[in-house]
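The next block holds one structure in the form of structure tokens; read it before the comments.
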Amino acid sequence: MERLPRWADLVLVPLISLLLAGIISALVILSIGQSPTEALKTMVDGALGSAYGWGYTLYYATSFMFTGLAVTVAFHASLFNIGGEGQAQMGGLGVALVCLALPWPHWTLALPAAMIGGALFGAAWVAIPAYLQAKRGSHIVITTIMFNYIASALIIYMLVSVLKPVGQMDPATANFPPGTALPTLNEIPGLNLIFTKGVPANISLFVALIACFLVWVLLWRTRLGYEIRAFGRSEPAAKYAGISPVKVTMIAMLISGALAGLMSINNVMGEAGRLLQNSAEGAGFIGIAVALMGRNHPFGVFLAALLFGFLYQGGAELGLWTSIPIELRTVVQGLVILFTGALDQMVRMILGLFFRPRPVKVA
Amino acid sequence: MDYATLLQILDSTLRLATPLLLACLAGLYSERSGVFDIGLEGKMLMAAMCTGAVAYLTGSVWIGVLAGIAGSLIFAAVHGLASITFRGNQLISGVALNFVASGITVLVAQSMFQQGGRTPPLEGAARFNPITLPFADSASAIPIIGPFYAEVLSGHTALVYVALLMVPLTWWALYRTRFGLRLRAVGENPASVDTAGVSVVRLRYTALAITGILCGLAGAYMAAGLQAGFGKEMTAGRGYIALAALIFAKWRPWYALMATLLFGFFQALALRPDVIQSTLKFAIPVPALDALPYILTVVVLAGFVGRAIPPRAGGEPYVKER
């Protein structure tokens, strides 16, 4: 098969994949007797049509940037971290423990501590699967899936039996002290001119943007990043060059888990203000779609996270204003993963038809 | 724990192990042919929805089962297309199809019945009804074995017995037929099968079709046997537990029966925390029981209880030499 030009591979493959996912979603909407154009209009109006909508879109995008970066870092070491969901939930536990530990005077002190807590717990949760992969060759995909379930069982136990305040009915921690409340975009001077109503998007957005940049620096501007990418391309070659597979596997996975755990400063600390059951709400899984869509590049992850933020907020609007169930967004998410991650050869083949040099006619 | 309680728990063990067993055997065919299938969960969910909807509309559970198998087969075909024909990433394809199934089942059920993404409750002939095995009543007079036969083995729905029969059948197909030999070979070394003049692509699609049918039965049992109708996310991770059982069983049929019975036993115990407390004299938190199959699988994967070695060509698309 002809190789596609680099720009086409980077830009067109995800776009065509998105288009195919969009067409199938439109067919699904049609087949349940609704109008796809109405649906799209509702989504765009609800997610992008107002500063209020953007506040939600950016809030979701913040979480997806963290989990997308988590999957990206692991992908570069050719490891598939499907356990972002569990790591994000455990990160939430870390954030909650930090926030509840002290009567924090101000968020500027609480945020760095909570970030450390979230990242540590996320990294710790991936440490066992990473170790088993590195040392004993246990397939990381299966072990991280198992750890997702173990995490959710553990969180339920912690919430119901340990962290729930006496007298409270629902399984959740106590509310965090007021000193841990992160400023939302409508509380930040300057931005409050745009965001006049209360929105969930908060200062974590900027942490996520910095994380995007730092992951880029890590992967393409440091020795460690080079080792991770070399290992991901070819394990025997990396070994021959003196790169330790155990070390790279462990470090790449720990960074991945830490990034997934960091997500919790956005949803647990920034939005909920307490730890609830199933706090990550599937964001860990969306990270897979975001990383695939973003072609495993931090800038692509940023764009894809915005796209999925739009999809999530728009999907919620659909659930509110139309009779199209909110689950449509899960379908779109699955289709995007399918086309960008598994049927990418098919998409390339379709594109190849347009890029193949025309056969010369023999007279 | 008295004998009657034990029988009750064993009875629900068998009921809860059935979907796991069917899905586990489904995964066995696919993975033995060298195609990883994380999408068991999605196929079961799709089958459950199709069965719930069609059984309600037609009033016949068997037409519902056929619809369930058809729904599951569509997903198996897409997985085959992605992982065999287009040589994509099998793990990602499975994950993607699970998401699609999770969303589309609710979407369809909601648009058909407007009951919050459920299908209407099934009753009568639209549901599997318990079958009493011969002599169950008279045999219950025999001490110990009699009640076991009457309470645990008898009185299940048809698919429970189908699932149990699938175990020797799978063993026979895998180890005593030409198809089985080729299936095992294509999962270990597809090039050798190709050299022998057998189509790798066709074998793998056949394996995936069997996977689809068995997942269809598993989903149909969920919707029309275990429960009466489809509900959102009703498989609740059973596809992944089945995957865990498959690894626990080291990709072998009889061990798959043992593993799924064990995991079914945990699920049955998790429903009866009172029994555990009275037997062990201390309380095990229910979440710990829920997590037990997953923890066991990690332990097995870690190679502490004998190594689980997957089929060697698993996960790799086969590229024919030119």
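The values are calculated or read from the model by the stated rules, or taken from the named source; none is laboratory data. As the structure is a prediction and not an experimental result, all values here were calculated from the model. Here Cβ is always computed from backbone atoms with ideal geometry, including for glycine, and neighbour counts include all displayed protein chains.
Annotations for the structure displayed:
- Condition broken by A:Leu163, with the remaining ones in (1) within 14 Å of chain B (Cβ to nearest Cβ); (2) surrounded by fewer than 19 Cβ atoms within 10 Å (Cβ to Cβ); (3) more than 30 Å from B:Val95 (Cβ to Cβ) satisfied: (2)
- The single condition from (1) out of contact with any helix residue (DSSP H, G or I) (no Cβ under 6 Å at 6 or more places or on another chain); (2) more than 13 Å from chain B (Cβ to nearest Cβ) that A:Ala258 fails is (1).
Here is a yes/no grid of residues against (1) of a type in the set (Asp, Glu); (2) away from chain B (no Cβ under 13 Å); (3) in a helix (DSSP H, G or I); (4) in contact with a helix residue (DSSP H, G or I) (Cβ under 6 Å, 6 or more places away or on another chain):
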residue: A:Cys99; (1), (2), (3), (4): no, yes, yes, yes
residue: A:Pro105; (1), (2), (3), (4): no, yes, no, yes
residue: A:Leu111; (1), (2), (3), (4): no, yes, yes, no
residue: A:Ala119; (1), (2), (3), (4): no, yes, yes, yes
residue: A:Ala123; (1), (2), (3), (4): no, yes, yes, yes
residue: A:Ala130; (1), (2), (3), (4): no, no, yes, yes
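- Among the candidates B:Thr85, B:Thr58, B:Thr51, B:Thr132, the residue that is buried (at least 23 other Cβ atoms within 10 Å of the Cβ) and touching a residue at least 12 places away in the same chain (Cβ under 8 Å) is uniquely B:Thr51.
- Listed by first and then second residue, the pairs linking a residue in region A:263-291 that is within 14 Å of chain B (Cβ to nearest Cβ) and in contact (Cβ under 8 Å) with a residue 12 or more places away in the chain to a residue that is part of a loop (DSSP other than H, G, I, E, B) and crowded, with 24+ Cβ neighbours inside 10 Å, with Cβ atoms under 7 Å apart and 6 or more places separating them unless they lie on different chains, are A:Ala283/A:Met263; A:Ile288/A:Ile82.
- Filter result for B:Phe230 (surrounded by 17 or more Cβ atoms within 10 Å (Cβ to Cβ), of a type in the set (Phe, Trp, Tyr) and away from chain A (no Cβ under 13 Å)): yes
- Scanning region A:183-200 for residues that are surrounded by 13 or more Cβ atoms within 10 Å (Cβ to Cβ) and either in a helix (DSSP H, G or I) or among the aromatic types (Phe, Trp, Tyr) (or both) yields A:Leu185, A:Asn186, A:Glu187, A:Leu191, A:Asn192, A:Phe195.
- Selected residue (only one of A:Met169, A:Met146, A:Met158 is in a helix (DSSP H, G or I), more than 26 Å from A:Thr57 (Cα to Cα) and at pLDDT below 90): A:Met146
- In the set A:Ile228, A:Ile140, A:Ile203, only one residue is surrounded by 16 or more Cβ atoms within 10 Å (Cβ to Cβ) and within 14 Å of chain B (Cβ to nearest Cβ); that residue is A:Ile140.
- The residue that is surrounded by the most Cβ atoms within 10 Å (Cβ to Cβ), counting only those in region B:109-128 that are within 7 Å of another protein chain (Cβ to nearest Cβ) and outside any loop (DSSP other than H, G, I, E, B), is B:Gln110.
- Count of region A:150-185 residues, restricted to those that are touching a residue at least 24 places away in the same chain (Cβ under 8 Å), within 21 Å of A:Leu102 (Cβ to Cβ), out of contact with any Pro (no Cβ under 6 Å at 6 or more places or on another chain) and not β-branched (Val, Ile, Thr), is 8.
- Of all residues in region A:27-43, those that are part of a loop (DSSP other than H, G, I, E, B) have Cβ atoms under 6 Å from Cβ atoms of residues that are surrounded by 17 or more Cβ atoms within 10 Å (Cβ to Cβ), 6 or more apart or on another chain, in A:Ile32/B:Ser111; A:Gln34/A:Ile324.
- Tally, over region A:8-25, of residues that are hydrophobic (A, V, I, L, M, F, W, C) and touching a residue at least 12 places away in the same chain (Cβ under 8 Å): 9
- Note on region A:321-341: residues that are more than 7 Å from chain B (Cβ to nearest Cβ), in contact (Cβ under 8 Å) with a residue 24 or more places away in the chain and not polar (S, T, N, Q) total 5.
- Members of region B:243-302 found to be within 12 Å of chain A (Cβ to nearest Cβ) and not in a helix (DSSP H, G or I), listed by number: B:Ala283, B:Ile284, B:Pro285, B:Ala302
- Look at region A:65-76: where a residue is more than 16 Å from A:Leu306 (Cβ to Cβ) and a partner is of a type in the set (D, E, K, R), sitting 6+ places away or on another chain with Cβ atoms under 8 Å, you get A:His76/A:Arg229.
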